[in-house]
Amino acid sequence: MINGSCCCGAIKFELINPPSMMGTCHCSRCRKVGASTLVFVKKDDFRWIQGQEFVARYEPEAPYKHSRTFCKQCGTSLGEAGSQQDSFPISANCLDADPLVRNTFHVFVASKPAWYEICDSAKQFQEYPTSG
């Protein structure tokens with residue numbers, strides 16, 4: 001079991017299994033909402049413990065499609081916590097223990113600020129990953 005929470009403690013959740021992967025997005029939107037390193041969890045592994053009433057959702061305008069959740073009280077970024085998708089990202093920063101996965105990719109590296117250096121060997125994509 002891996003617990004997670006917001007900064008003020010109003011929101012608490014748990015993961016009954018470790019996340020499937022971790023990745024870092026360097027786009028300006030993820031950086032600005034404070035959720036650039038994300039862990040991906042299965043919907044069935046995510047459980048609210050308390051504070052769902054403190055969760056606010058930011059819905060972006062087109063062409064952006066990823067909503068973000070955060071604590072109404074303290075502003076902690078939660079990624080897409082509580083999504084109804086089969087799998088969704090949550091901010092690695094709101095986990096209270098080791099998620100047991102490590103960063104495996106970086107996306108939108110072309111948008112990375114000059115002051116940030118990538119210091120791991122995770123795969124890098126200039127924008128969204130492409131298959132092929």
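The values are calculated or read from the model by the stated rules, or taken from the named source; none is laboratory data. This is a predicted model, so every value here is computed, not measured. Here the Cβ is made from the backbone with ideal geometry for all residues, glycine too, and neighbour counts use every protein chain on show. In case anyone asks, the SASA skips ligands and DNA or RNA and just uses the protein heavy atoms, side chains included. Shrake-Rupley method; radii C 1.70, N 1.55, O 1.52, S 1.80 Å.
Using +1 on the beta carbon of Lys and Arg, -1 on that of Asp and Glu, and nothing else charged, what's the dipole of the chain about the Cα centre, debye to 20?
It comes to approximately 240 debye.
So if I restrict to the alpha-carbon atoms in region 1-122, what is the Rg, and what is Dmax, the biggest pairwise distance, in Å?
When restricted to Cα atoms, region 1-122 yields Rg and Dmax of 14.0, 39 Å.
Hey, can you find the accessible area per residue of region 1-110 for me, probe 1.4 Å, expressed in square angstrom?
52 Å²
If I take every Cα pair under 8 Å that is 6 or more residues apart in the chain, average their sequence separation and divide by the length, what percent do I get for the relative contact order?
Reported as a whole number, the value is 30 percent.
Between their Cα atoms, which of Lys32/Lys72; Lys12/Lys43; Lys12/Lys42; Lys32/Lys65; Lys32/Lys112; Lys12/Lys123 are more than 21 Å away from each other?
Numbers: Lys32/Lys72 16 Å; Lys12/Lys43 16 Å; Lys12/Lys42 17 Å; Lys32/Lys65 16 Å; Lys32/Lys112 12 Å; Lys12/Lys123 32 Å.
Correct reply: Lys12/Lys123.
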